[in-house]
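Input: a single structure, listed below in structure tokens.
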Amino acid sequence: MGAAALSAGVIAGGFLGFDGVRSGTPSLLFVGAVVVFVGAGFDFVMALLLEGLHGRVSLEVYASAERNACASGVEISDADNFIDALATRIAIQG
């Protein structure tokens with residue numbers, strides 16, 4: 001749902017912004033920018049805040065420039081356990 005709002009905001013805002021540039025109307029350009037930002041804001045709310053309200057988080061691990069992992073919708077307790085286990089393993093190997 002959030003990605004659809006972002007896409008719709010970019011497309012609609014892009015058309016409005018393009019028409020504003022083409023016609024020389026700054027207000028139309030401004031409305032296009034507002035539409036893009038509203039779509040991006042709705043995407044942010046849907047992806048992060050609502051997921052966090054349900055006790056879920058996104059977990060990103062960057063082991064090196066070539067190796068990384070990302071998981072979304074992870075329970076907070078599972079993410080905490082993973083981070084604790086990872087910290088313990090790094091401390092033992094370090």
#### Entry: Sum of -39500 (n - 2.57) over DSSP H runs of 4+, divided by residues of the chain (222 nm, nearest 500)
-22000 deg cm²/dmol
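Fewest first, what order do Arg89, Arg56 take by the number of other Cβ atoms within 10 Å?
Numbers: Arg89 10, Arg56 16.
Final ranking by Cβ density, sparse to dense: Arg89, Arg56.
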### In Hz, Karplus ³J(HN,Hα) per residue of the range 53-67 (6.51, -1.76, 1.60; θ = phi - 60°; x = Gly, Pro)
5, 8, x, 10, 9, 9, 10, 10, 10, 10, 6, 7, 5, 9, 10
### Message
Here are labelled values, [x] 15.5; [y] 13.6; [z] 16.1, and one is the computed Kirkwood radius over Cα pairs in Å for what I pasted. Which one?
### Response
[z]
### Summary
Computed over the chain: longest principal axis from alpha-carbon atoms vs helix 26-44 long axis, angle to nearest 10 degrees, is 20
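Among 76-83, 9-16, how do they line up by average Cβ neighbours within 10 Å per residue, starting with the highest? Write out the running numbers ahead of the final one.
Details: 76-83: 12.4, 9-16: 16.5.
Descending mean neighbour count gives 9-16, 76-83.
None of the figures in this text is laboratory data; all of them are computed from the coordinates on show. In this text, all values refer to a predicted model and were calculated from it rather than measured experimentally. Positions of Cβ are backbone-derived with ideal geometry, glycine not excepted, and every protein chain shown enters the neighbour counts.
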